[in-house]
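Presented below is the structure to which this report refers.
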Amino acid sequence: MEMNLKFIISLIGKINYKVQKYLVKELKAKGVTGISPSHGDILAAFFICKELQMKELAEVINKDKSTLTALINKLIGLGYVEQMTGSDDSRVRLVRLTQKGEALKPVVLDIGVKMREKAYKGISKSEQKILMSLLTKIYDNM
């Protein structure tokens, strides 16, 4: 069966849908409810940087501020992150993980490892590098 190259973008969307479904299923299996895959980039950023300004976080995860604010408010409501004002400038809003949020780290990292293993099954390291390069080009083009 010949691949129709016109449907590459559609295939990327279908892959994204399957990844989202997988993540929700795995989170639920580990007893994590209320958060969605769209919170993943935020949590990952805080696993690396303990505290970020909203502006910095928006840049790191490439989301506009209004979308980010809604996602952060959900995480605050669930008790995973907290928000405070900067010590030097009260207009600066800082966000960081709570203890409950920190407890998510091993769960989220484990799910990420399993998802990558599943996604890259049968794909060599060199093919993974090529795939990443090509997808990055598509992303940059968009």
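The values are calculated or read from the model by the stated rules, or taken from the named source; none is laboratory data. Since the structure is predicted, the reported quantities are computational estimates derived from the model, not experimental observations. Here Cβ is always computed from backbone atoms with ideal geometry, including for glycine, and neighbour counts include all displayed protein chains.
For this structure, a couple of remarks:
- Residues satisfying the stated conditions in segment 1-52, i.e. farther than 20 Å from LEU71 by Cβ and acidic (Asp, Glu): GLU2
- Remark: pairs (first residue in segment 106-125, farther than 19 Å from SER36 by Cα; second residue among the β-branched types (Val, Ile, Thr) and part of a helix (DSSP H, G or I); Cβ separation under 9 Å; 6+ apart in sequence or on different chains) = ALA119/ILE15; ALA119/VAL19.
- Any hit, segment 64-71, residues being of a type in the set (Asp, Glu) and without any contact (Cβ under 8 Å) to a residue 24 or more places away in the chain: yes
- Residues satisfying the stated conditions in segment 14-32, i.e. without any contact (Cβ under 8 Å) to a residue 60 or more places away in the chain and over 16 Å from the mean Cα position of the chain (by Cα): LYS14, LYS28, ALA29, GLY31
- Among residues of segment 9-38 being over 14 Å from LYS105 (Cα atoms) and of a type in the set (Gly, Ala, Ser), the one that is surrounded by the most Cβ atoms within 10 Å (Cβ to Cβ) is SER38.
Yes/no matrix, rows are residues, columns are (1) modelled with pLDDT under 90; (2) under 30 Å from ILE138 (Cα atoms); (3) touching a strand residue (DSSP E or B) at 6+ places or on another chain (Cβ under 7 Å):
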{"residue": "ASN16", "(1), (2), (3)": "no, yes, no"}
{"residue": "ALA29", "(1), (2), (3)": "no, no, no"}
{"residue": "PRO37", "(1), (2), (3)": "yes, yes, no"}
{"residue": "THR67", "(1), (2), (3)": "yes, yes, no"}
{"residue": "LEU71", "(1), (2), (3)": "no, yes, no"}
{"residue": "LEU75", "(1), (2), (3)": "no, no, yes"}
{"residue": "LEU78", "(1), (2), (3)": "no, no, no"}
{"residue": "MET84", "(1), (2), (3)": "yes, no, yes"}
{"residue": "MET115", "(1), (2), (3)": "no, yes, no"}
